[in-house]
1. What do you get for Rg/Rh of segment 519-595 when both radii come from the Cα atoms and Rh is the Kirkwood radius?
2. For 175, 512, 460, which order do you get if you count the other beta carbons within 10 Å of each Cβ and list the fewest first?
3. How large is Rg over Rh for segment 1-130, taking Rg from the Cα atoms and Rh as the Kirkwood inverse mean of 1/r across Cα pairs?
4. Could you tell me whether segment 258-326 comes out rounded, prolate or oblate from its Cα gyration tensor? Rule is a ≥ b ≥ c as square roots of the eigenvalues, rounded for a/c under 1.5, then prolate if a/b exceeds b/c, otherwise oblate.
5. Taking 0.36 nm per residue of separation and subtracting the Cα-Cα distance, what length does fully extending residue 47 through residue 108 add?
6. Relative to the longest principal axis of the chain, what angle (0 to 90°, nearest 10) does the C-alpha long axis of helix 579-592 take?
7. What distance in nm lies between label points placed 7 Å from Cα along the C-beta direction at residue 232 and residue 117?
8. Tell me whether segment 20-62 comes out rounded, prolate or oblate; compute the Cα gyration tensor, take square roots of the eigenvalues as a ≥ b ≥ c, and use a/c under 1.5 as the rounded threshold.
């Protein structure tokens, strides 16, 4: 890419050239939808152009890239169109339409466009309304339909057509620009082979012309550098670019600064940094970020003959990115910022405040912003309240921050990427288990008693029966009933209800339990552990949590502590979760978050 030329061109600047569409390109296939979309975009821009800021150039509408390469045919110079021929052909048909319908007798200038597979295309453009000619081949048919679409579209405007066409054409050629990407190939291949390679790479997505790739091309153009320094400087920028992208591809870093619910998705993650720098939102047109960088390149030149200030421009990007890396490497900032970003705080505002404040003042400011988001009475939070998840996440984060001599980081990547939600610690005994969920529930309890999962094979059943004989007290009776229920063709409603109640008594989950929906009985649990029936009893969940943690599966620290009963002041029976455990857990949450929550007396007064 280092020899390529990248810039913006007005449509007006295309009119003096000739274009050649080679045989390896597919034919013209734009339908009514694509043609009307292009017309509407230009129309909307013409009707409601962005406000022109003082000292800035006139706003323009940007079309997607046209990738070209110099082509010599019969001693004439053409631009071989490698990518973007659908847009270019449509522009030609629109301009051709104006000439056919313009009130002026003198036709306006048109750029030439030849198709290797359609040598008589020039004659067809002059008679594009001819339905007989349109039937000669599929390309002419689509071009003819595009012309008809354009005619219907202007007719539907119900205004003075001569005037509107004149104004629209003026806006099209003067206020619309294309991203002009002139590529040069130094591979040593013959001209046609090199062009086909470029076309293939573009169209299978190995070099997608995203904002990131276009910005990269801006930086790596040879003309930006003095001849004796060009290669070295290009290699330096390319290497630093790759190092940034590599770090951003690390999910632990990426999901710290990025939320999956962001409407803009990224393959090249460095583009997210560029979008932040240029304040791009989902409302902006697709190449907003590239256009902004292009403007910075132009403005960095001392005059039209000088080179852009590449060093300053690239240093600006590096500094912007490195501030995120600094946050990531600082334990306190990582957790506080990660929490705020998870709950929608604008990362650009965080970046701005970090520049205005000292590091210690910035951390104080972060805590204040968190306090603003959790200023409510924790005792009153219950299942179904969206604030519960926020409090439990902050509880996990603050628990880690309070442990000074540890390098543990809360894994925002796994928290955002995996299916974690708020679930009950002690099961809801009043919640009905029905259908296929009954068998899952039975298998879970049977696995708890015997130590392994039954898979309905004779060998497994034999193992279960032997394991059941080794159980003591009433557990062997309960396990035998469970095994019998698994082996039954159908699970009887009454038998299941009776067995469920017996198991509830065994695990002390039949007793009265106040406020089962309060935050003191809630934790972050993954969907697999809690299962679809959502009624696994405490010891079953506890076993699964411990097993997951031993196998390296992410379990939030405080969730693990809950099921180990680390917050319970009276140990009691580790396999039961009672009212005292709930109260102690709630107290631990409030004590840990006392720097963020309203003072206790203030909560009690409300």
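Only the coordinates and a few stated rules stand behind these numbers; no lab work does. Quick caveat: nothing in here was measured; it's all calculated off a predicted structure. Note that each Cβ is placed from the backbone with ideal geometry, even for glycine, and that neighbours are counted across all protein chains shown.
1. That ratio is 0.96, to two decimals.
2. Neighbour counts put them in this order, fewest first: 512, 460, 175.
3. Taking Rh as the inverse mean 1/r over Cα pairs, Rg/Rh reads 0.98.
4. The shape class here is oblate.
5. Length difference between fully extended and current span is 19.6 nm.
6. Long axis of 579-592 versus the principal axis of the chain: about 40 degrees.
7. 4.9
8. Oblate, since a/c reaches 1.5 and b/c is not below a/b.
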